[in-house]
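Asker: Please see the structure below; I have some questions.
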Amino acid sequence: MYKKVHLRLTILSTGITAAIMIIMSLIYLYISEKNLYQNQYNSFKNDINTISTNLEPQSVITMEWLSRMETQNNYLFFILDNGTPFLYNQLSNTHDISKEKLLQESMDSYREMFSFSDTETSAFSSPYLSRHVQFQFTSKSTNENYFCGVIEIEKSSSLLQVIILSPLHQLKKQIFDQRIRFIAIDGAAIFLLALFSWVFTGKLLKPIIENQKKQIQFVASASHELRTPLAVILSSAECCKNVSAEEQAGFIKNICQEGLRMSTLINDLLTLSGSDNHQFSIQIKPAELDTLLINSYEAFEPLAKEKSITLSLELPENTIPLCPMDGNRISQVVSILLHNAISYTPKSGKIQISLSYKKNFFKFSVKDNGIGIPDQDKKKIFDRFYRAEKSRSTKDHFGLGLSIAYEIIASHHGTISVTDASPSGSVFTVTLPGKHSEKSFL
């Protein structure tokens, strides 16, 4: 499922960005090509105006001048004297039917598009009159576009016509090359964008995938933990049908014990569920942390004595300020740590509770000399249903206590960590901030 989501997100992000990029490229190309065309047309108009100005006072047009103008500007010149091709055209266009057709097509287009009254005219002092126009046309014989300029100079009864053609194949090539460059750039950009989107969406989905795996593992672990007491309850209930009253009492006792275990597990699951849904009930009030630890010490001292474990409490000599906390929740954390310590500490072992206050931070710890926690398991010890090794997996522990403790301390903006004790055992340390506004806990 996530592979399909990954692919679809990549396609979506790449497609939207690529579409925007292509649209912007098309807009740029349209403006750029329009400017290229207009600039070349303006340059052609200026050249026609310059040529017209140079031709007006001349009484003789040399072939050398015409050849030089054609070569320099990449133009085609046609000279007509009273409609008769000039000697230059006869020499240069010998056996070239295409140029004759090109001349005829340009003159036909000129006559269709302009009349004497709407041509651009420039009246000069007698004895001559000059006018010139510029336009674009497409030749059917060459299948190519041209800028065409027609200059007409009237002297007495003579009419000199100069037709100047500028082929647009260079402009078309320039535009084509520009389009190819943009296609290549856009293609490379889309490829890189797709690659980036694939990596980026993969990183976005990674926490979701990991959370999904944890949920699946969580459900599997919860089902496994619930299956055992449920099996005991069902088997005990079945056995009650065919046994004596005295034997039934033993089976009923088993049913009650396993029912309590299930109730404890369900309560722990509801607590973690409330944390996941940001509905973890925390009511911060200034309270005496040292008094809370004393009460926890007194509550667990009898249980420690039953296992011949020495339980001690170390408090600061000086008076410490009130700690902003939810007393019931912090007491729950202390109970979890002490219960774990007593469960995993052998007989004649020692457990020490200590409290300190430095630099506006409260720090309390629970130290035991039990079996300890391997280094590779320390990072996972606060995961749900995680138990470091079989030796730590007792019947009364589901692997949820430390997860609950972690969530409670995190909701107080504090930290909880575990380190090795010397020479053996573990030290769980909790740090709570000394000052927080109550709003920050809502």
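Asker: Consider Q376 against the criteria (1) in contact (Cβ under 8 Å) with a residue 12 or more places away in the chain; (2) closer than 30 Å to A220 by Cβ: it satisfies all of them except one. Which criterion is unmet?
Answerer: Of the numbered conditions (1) in contact (Cβ under 8 Å) with a residue 12 or more places away in the chain; (2) closer than 30 Å to A220 by Cβ, the odd one out for Q376 is (1).
Asker: Could you list all residues from region 332-353 that are closer than 15 Å to A410 by Cα and open to solvent by 10 Å² or more (accessible area, probe 1.4 Å)? Before you say what the answer is, go through the steps one by one.
Answerer: Keep residues of region 332-353 that are closer than 15 Å to A410 by Cα, which gives 332-334.
Q332, the sole residue that qualifies.
Asker: State all residues of region 63-81 that are outside any strand (DSSP E or B) and surrounded by fewer than 15 Cβ atoms within 10 Å (Cβ to Cβ); if no residue qualifies, say none. Lay out the reasoning, then the answer.
Answerer: Filtering region 63-81 for residues outside any strand (DSSP E or B) gives 63-75.
Once the filter is applied, which keeps residues that are outside any strand (DSSP E or B) and surrounded by fewer than 15 Cβ atoms within 10 Å (Cβ to Cβ), region 63-81 yields M63, E64, S67, R68, T71, Q72, N74.
Asker: Could you grab the pairs with beta carbons closer than 7 Å, sequence gap of 6+ or different chains, first residue in region 53-67 and over 12 Å from K155 (Cβ atoms) and touching a residue at least 24 places away in the same chain (Cβ under 8 Å), second one of a type outside the set (A, V, I, L, M) and in a helix (DSSP H, G or I)?
Answerer: M63/Y88
Asker: Does L265 fit the bill of being open to solvent by 60 Å² or more (accessible area, probe 1.4 Å), in a helix (DSSP H, G or I) and in contact (Cβ under 8 Å) with a residue 12 or more places away in the chain?
Answerer: no
Asker: If I filter region 355-393 down to residues being exposed (fewer than 11 other Cβ atoms within 10 Å of the Cβ) and within 24 Å of I309 (Cβ to Cβ), which single residue comes out as modelled with the lowest pLDDT?
Answerer: Result: S391.
Asker: Return a yes/no flag: does region 289-303 have any residue that is assigned to a loop (DSSP other than H, G, I, E, B), farther than 24 Å from S223 by Cβ, open to solvent by less than 50 Å² (accessible area, probe 1.4 Å) and not charged (D, E, K, R). Talk me through it step by step, then tell me what you get.
Answerer: At the first step, the residues of region 289-303 found to be assigned to a loop (DSSP other than H, G, I, E, B) are none.
Looking through region 289-303, none of the residues is assigned to a loop (DSSP other than H, G, I, E, B), farther than 24 Å from S223 by Cβ, open to solvent by less than 50 Å² (accessible area, probe 1.4 Å) and not charged (D, E, K, R).
Asker: Among the residues of region 268-286, is there at least one that is in a helix (DSSP H, G or I), open to solvent by less than 70 Å² (accessible area, probe 1.4 Å) and at pLDDT 85 or above?
Answerer: Narrowing region 268-286 to residues in a helix (DSSP H, G or I): 268-276.
This time we only want the ones that are open to solvent by less than 70 Å² (accessible area, probe 1.4 Å), so: 268-269, 271-275.
Now restrict to residues that are at pLDDT 85 or above: none.
Checked region 268-286: no residue is in a helix (DSSP H, G or I), open to solvent by less than 70 Å² (accessible area, probe 1.4 Å) and at pLDDT 85 or above.
Asker: C148 passes all but one of (1) surrounded by fewer than 18 Cβ atoms within 10 Å (Cβ to Cβ); (2) at pLDDT 90 or above; which number fails?
Answerer: The number of the failed condition is (1).
Asker: Take the residues of region 186-206 that are touching a residue at least 12 places away in the same chain (Cβ under 8 Å) and aliphatic (A, V, I, L, M): which is most open to solvent (accessible area, probe 1.4 Å)? So that I can check it myself, show each step before the final result.
Answerer: If we filter region 186-206 for residues that are touching a residue at least 12 places away in the same chain (Cβ under 8 Å), which is where we start, we get 186, 189-190, 193-194, 197-198, 200-202, 204-205.
Filter again for aliphatic (A, V, I, L, M), leaving 189-190, 193-194, 204-205.
On the way: A189: 32, I190: 51, L193: 36, A194: 34, L204: 98, L205: 13 Å².
Within region 186-206, the match that is most open to solvent (accessible area, probe 1.4 Å) is L204.
Asker: Same structure again: F124 is checked against (1) modelled with pLDDT of 85 or more; (2) under 18 Å from L55 (Cβ atoms); (3) open to solvent by 60 Å² or more (accessible area, probe 1.4 Å) and fails just one. What number does that condition carry?
Answerer: (1)
Asker: If you don't mind, another one. So which residues in region 128-143 are closer than 12 Å to E105 by Cα and surrounded by fewer than 17 Cβ atoms within 10 Å (Cβ to Cβ)? Break it down into steps so the answer makes sense when it comes.
Answerer: At the first step, the residues of region 128-143 found to be closer than 12 Å to E105 by Cα are 136-143.
Passing the criteria: Q136, T138, K140, S141, T142, N143.
Asker: Sort through S424, S348 and tell me the only one that's over 40 Å from the mean Cα position of the chain (by Cα), assigned to a loop (DSSP other than H, G, I, E, B), polar (S, T, N, Q) and modelled with pLDDT of 85 or more. Can you show your working first?
Answerer: Values: S424 fails: modelled with pLDDT of 85 or more.
Criteria check complete, one pass: S348.
Asker: Residue under question is A231, and the condition is that it be under 30 Å from Y2 (Cα atoms), open to solvent by less than 80 Å² (accessible area, probe 1.4 Å) and of a type in the set (A, V, I, L, M, F, W, C); does it hold? Explain how you work it out, then say what you get.
Answerer: Working: under 30 Å from Y2 (Cα atoms): no; open to solvent by less than 80 Å² (accessible area, probe 1.4 Å): yes; of a type in the set (A, V, I, L, M, F, W, C): yes.
Here the answer is no, as A231 does not meet what is asked.
Asker: Can you confirm whether I342 is in contact with a Gly (Cβ under 6 Å, 6 or more places away or on another chain) and in a helix (DSSP H, G or I)? Walk me through it before giving the result.
Answerer: Details: in contact with a Gly (Cβ under 6 Å, 6 or more places away or on another chain): no; in a helix (DSSP H, G or I): yes.
So I342 fails the test.
Asker: Follow-up question, since we're still on this one. Tally the residues that are over 50 Å from the mean Cα position of the chain (by Cα) and part of a strand (DSSP E or B), restricting the search to region 147-191.
Answerer: Looking only at region 147-191, we keep the residues that are over 50 Å from the mean Cα position of the chain (by Cα), and these are 147-166.
Those still in the list that are part of a strand (DSSP E or B) too: 147-155, 158-166.
Result for region 147-191: 18.
Asker: What is the one condition in (1) open to solvent by 40 Å² or more (accessible area, probe 1.4 Å); (2) within 60 Å of the chain's Cα centre (by Cα) that S25 does not satisfy?
Answerer: Just one mismatch for S25, condition (1).
The values are calculated or read from the model by the stated rules, or taken from the named source; none is laboratory data. Note that the coordinates shown come from a computational prediction; the quantities given were computed from them, not determined experimentally. Don't worry about glycine lacking a Cβ; one is built from the backbone with ideal geometry, like all the others, and counts go over all protein chains shown. Note: accessible area is taken over every heavy atom of the protein model, side chains too, but ligands, DNA and RNA are not part of it. Shrake-Rupley method; radii C 1.70, N 1.55, O 1.52, S 1.80 Å.
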